[in-house]
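Heads up, the thing below is written out as structure tokens.
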Amino acid sequence: MGYFDGDHMGGLGFFGMVFSLLLAVAIWVSLLVLLVRRFAAPWQPPHADGGQRQDGAEELLRLRFARGEIDAKQLADMRDALAEDRARH
């Protein structure tokens, strides 16, 4: 009698209860993932240089210098040009 006619699970029975539980868990997990992604620092892979990530252009210059493709003066000039370009942007 009263407001509810039937069982206390709202007419959906056991499967309705399981579905609503899974839905609630999915909502909480989604919220947690969104919060972590929003406030966590972006992940960067470890590098062979002790964890210090270098700019791609500077890394290429360093490799070209190590292979002997450019000399020390060219390396310094190109690094200065990169620094000036970064300062403008």
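The values are calculated or read from the model by the stated rules, or taken from the named source; none is laboratory data. Treat the numbers as computed from the prediction; the structure is a model and nothing was measured. Glycine also receives a Cβ, built like all others from the backbone with ideal geometry; neighbour counts cover every protein chain displayed. The area values use the complete protein model at the heavy-atom level, side chains included, leaving out ligands, DNA and RNA. Shrake-Rupley method; radii C 1.70, N 1.55, O 1.52, S 1.80 Å.
In this structure I27 has an accessible area near 100 Å², from a 1.4 Å probe over the protein heavy atoms. Placing dummy labels 7 Å off each Cα toward the beta-carbon, the span from V36 to L60 is 3.6 nm.
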